[in-house]
Amino acid sequence: MNVYTHKVNYYETDKMGITHNSNYIRFMEEARVDFLSQIGFPFDKIEEEGIISPVIRVEYSYRKTTTFAHVISIKVEVDKLSPVKLCLKYELTCNGEVCGIGKSEHCFLNQEGRPVIVEKEKPEFFNALKNSMEKQ
């Protein structure tokens, strides 16, 4: 799996010139969307097929600051997978050093907001997620 990269924009920094803490969650979201595309299920394709996957939990542990123009590399892996939930883990690095570790948990719902058992209703998507775990 390719690592996602994000170059810190000036507007993503605070008055002290440090990347504002709220942006790391956004960077993780960008990396998640990229990860899904890499396994063959772009976010828009999943939604067109009637599946939404809202975030039900997110956490982030800050290890090192980043600043304007730093390039952050984000490694995304499936941490846990069940027929109705997905948990991803993220490792963010900059200049070879870990700047943060994160996790996001998602459920699968249909357009009406009812739970979907992805393993049964979209087995090809479930298997792509499962296969990515085996390649980690």
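The values are calculated or read from the model by the stated rules, or taken from the named source; none is laboratory data. Just so it is clear, the model here is predicted, and its values are computed rather than measured. Neighbour counts are summed over all protein chains in view; Cβ atoms, including those assigned to glycine, are modelled from backbone coordinates with ideal geometry. Only protein heavy atoms, including side chains, enter the accessible area calculation; ligands, DNA and RNA are left aside. Shrake-Rupley method; radii C 1.70, N 1.55, O 1.52, S 1.80 Å.
Could you check segment 71-86 and list, in sequence order, the residues that are within 21 Å of residue 101 (Cβ to Cβ) and surrounded by fewer than 16 Cβ atoms within 10 Å (Cβ to Cβ)?
Matches in segment 71-86: 71, 77, 79, 80.
Of the numbered conditions (1) open to solvent by 70 Å² or more (accessible area, probe 1.4 Å); (2) out of contact with any strand residue (DSSP E or B) (no Cβ under 8 Å at 6 or more places or on another chain); (3) within 30 Å of residue 7 (Cα to Cα); (4) modelled with pLDDT of 95 or more, residue 44 satisfies every one except a single condition; which is it?
Result: residue 44 passes all but (4).
Taking residue 59 as the residue in question, decide whether it is loosely packed, with under 15 Cβ neighbours inside 10 Å and part of a strand (DSSP E or B).
So residue 59 passes the test.
Report every pair of residues separated by at least 6 positions or lying on different chains whose Cβ atoms are under 6 Å apart, first residue within segment 1-25 and in contact (Cβ under 8 Å) with a residue 60 or more places away in the chain, second part of a loop (DSSP other than H, G, I, E, B) and open to solvent by less than 80 Å² (accessible area, probe 1.4 Å).
As it stands, the answer is 8/66; 8/70, since those pairs meet every condition given.
Given the residues 90, 4, which is the only one that is open to solvent by less than 20 Å² (accessible area, probe 1.4 Å) and under 13 Å from the mean Cα position of the chain (by Cα)?
90
Could you identify the single residue in 64, 80 that is at pLDDT 95 or above and within 20 Å of residue 136 (Cβ to Cβ)?
After applying the criteria, what remains is 80.
Using the structure shown, decide if residue 28 is at pLDDT 95 or above and not charged (D, E, K, R).
Answer is yes for this residue.
List pairs: first in segment 116-129 and surrounded by fewer than 16 Cβ atoms within 10 Å (Cβ to Cβ), second in a helix (DSSP H, G or I) and of a type in the set (D, E, K, R), Cβ under 9 Å, 6+ apart or cross-chain?
127/119
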